[in-house]
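Where a number appears in this text, it was derived from the coordinates with a stated rule and is not lab data. All figures in this text were calculated on a predicted structure; none of them were measured in a lab. All Cβ positions, even for glycine, are placed from backbone atoms using ideal geometry, and neighbour counts span all protein chains on display.
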Amino acid sequence: LRPDMGGEKIQDLISHVAREEGVKPAEMFKALYILIIGRNRGPRLGPLIAGIGVNRVKSLISRKI
């Protein structure tokens, strides 16, 4: 996950990583929504992460893990 990635690339990356790890993409998205915004669902996650800022989201996730 890099700051120069656009929302759609981030969206695709999340799905790809979930499948590689044997996790249903929907479950990965749900877990990330909970970590980032404290809700089960929200707007498209890739563009949301791009809008918030990749580095900021990485910081939020690392503090909550």
*Got a sec? Charge dipole of the chain, +1 on Cβ for Lys and Arg, -1 for Asp and Glu; which of Met28, Ser15, Ile52 is way out at the positive end?*
Ile52
*How long are the semi-axes of the ellipsoid equivalent to the chain, from square roots of 5 times the Cα gyration tensor eigenvalues, in whole Å, largest first?*
16, 14, 11
_At 7 Å along Cα-to-Cβ for each site, give me the label-to-label distance between Ser59 and Leu13 in nm._
1.8
_Loop-located trypsin sites (Lys or Arg not before Pro) in region 13-55, at most 14 other Cβ atoms within 10 Å (DSSP)_ = Arg39, Arg41, Arg44
*Pull out the extension gain between Lys24 and Ile37, defined as 0.36 nm times the separation in residues minus the alpha carbon to alpha carbon distance; nm, one decimal.*
2.7 nm
